[in-house]
1. How many Å² of accessible area per residue for region 24-100, probe 1.4 Å?
2. Stretch ILE61-ASP80 to full length: gain in nm at 0.36 nm per residue minus the Cα-Cα span?
3. Which of rounded, prolate or oblate describes the chain when judged by the alpha-carbon gyration tensor and an a/c cut-off of 1.5?
4. Sorted by accessible area with a 1.4 angstrom probe, largest first, how do TYR57, TYR76 fall?
5. Just subtract the alpha-carbon distance of ILE9 and MET97 from 0.36 nm times their residue separation and send over the number in nm, one decimal.
6. Ignoring ligands and nucleic acids, what accessible area does CYS59 show with a 1.4 Å probe (Å², nearest 10)?
7. Rounded to the nearest 500 deg cm²/dmol, what is the calculated helix-only ellipticity per residue at 222 nm for the chain, with -39500 (n - 2.57) per DSSP H run of length n ≥ 4?
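The values are calculated or read from the model by the stated rules, or taken from the named source; none is laboratory data. Keep in mind it's a predicted model, so treat the numbers as computed, not measured. Ligands, DNA and RNA are stripped out before the accessible areas are found, and what is left, the full protein with its side chains, is counted by its heavy atoms. Shrake-Rupley method; radii C 1.70, N 1.55, O 1.52, S 1.80 Å.
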Amino acid sequence: LLLGFVVLIITVPLGLIKTIFLLKISRKEENKHIGYKAILKAFQIIALSRIIISLGYRCFIIPGVIFSYIYSQVYYILCDNPDIGVIECLSKSREIMTKEK
C-alpha cells in the first residue's frame, strides 16, 4: 500500500508534465505553466478515475477496459483547462470519448 502511494506521488506529476510537454510541442507553443493547483487537482482526478476503473474491473473485465478508454483524456483536458473542476474534467473526458467509440 505504501509503495503504491509512493508510485502514485511520482507518476501523477510526471504524467502531467509529459502531457504539457507533448501538447506544447504539437501545438508549437511557448512554455506553458499550469501551477501547483493543477498538480493537486491531477491527484484528485487520477484517484477518482482509478477508483471508477478498478470498480469496472472488479465487476467484469470489459467495463474496466471501457472505463479506461473513457477516462484516458483527463490529463489533456486538465492541461487545456487548468481551472476546470474534478467532476467536470471526468465528465468532459467521458463526453469526448463516448462520441469516438
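1. Dividing the accessible area of region 24-100 by its residue count gives 68 Å².
2. Answer, rounded to one decimal: 3.7 nm.
3. Oblate, since a/c reaches 1.5 and b/c is not below a/b.
4. TYR57, TYR76
5. Extra length available between ILE9 and MET97 comes to 29.0 nm.
6. 110
7. Mean residue ellipticity, 222 nm, calculated: -27000 deg cm²/dmol.
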